[in-house]
Amino acid sequence: MITKKQFVKIINHLKEVNDFVNETNDKAKKLNDAIISDFYNTMSLAITFEDDLIKVLENMFETDLISWWLYELDYGRSFKIGYLVEADGITKPDLGTSEKLYDYLVKNMEE
């Protein structure tokens, strides 16, 4: 099992790379007239194993919640209480940080 510290480190690293790529893409688009090439996507600079790493984490926790949290919720930055409701229809967990996401994933594995 992956530790909370390891999980958070991986998620934070992915977030840093994503933020770097987005910032670089935005800057490249602003320099549109100065760039000869039609290539503006710096995603090629990103680590290419990201998808595989996320699949491994999701397989480990037996959920696809991680990719939803990363991509749809911008690494939890867009998460709001109520986006996720437990089966009881009442409990609305807080997944606003990678630490809270890890705790939620571990809790659900134990059930």
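The values are calculated or read from the model by the stated rules, or taken from the named source; none is laboratory data. None of the values given here were measured: they were computed from a predicted structure. Glycine gets a Cβ as well: all are built from the backbone with ideal geometry, and neighbour counts include every protein chain shown.
Could you grab me the full set of residues in the stretch 46-83 that are charged (D, E, K, R) and either touching a Lys or Arg at 6+ places or on another chain (Cβ under 8 Å) or part of a helix (DSSP H, G or I) (or both)? First the steps, then the outcome.
First, pick out the residues of the stretch 46-83 that are charged (D, E, K, R): 50-52, 55, 58, 62, 64, 72, 74, 77, 80.
Hits for the stretch 46-83 are GLU50, ASP51, ASP52, LYS55, GLU58, GLU72.
All but one of (1) loosely packed, with under 15 Cβ neighbours inside 10 Å; (2) charged (D, E, K, R); (3) modelled with pLDDT of 75 or more hold for ASP38; state the number of the condition that does not hold.
ASP38 satisfies every listed condition except (3).
Quick one: count up the residues across the stretch 84-111 that are in a helix (DSSP H, G or I) and either crowded, with 18+ Cβ neighbours inside 10 Å or of a type in the set (S, T, N, Q) (or both).
Matching residues across the stretch 84-111 total 6.
Quick check on my filter: what residues within the stretch 84-100 are out of contact with any Leu (no Cβ under 7 Å at 6 or more places or on another chain) and of a type outside the set (D, E, K, R)?
Hits for the stretch 84-100 are VAL85, ALA87, GLY89, ILE90, THR91, GLY96, THR97, SER98.
Considering only the stretch 84-111, state which residues are under 14 Å from GLU62 (Cα atoms) and among the hydroxyl-bearing types (Ser, Thr, Tyr).
If the condition is that a residue be under 14 Å from GLU62 (Cα atoms) and among the hydroxyl-bearing types (Ser, Thr, Tyr), then TYR102, TYR104 are the ones that fit.
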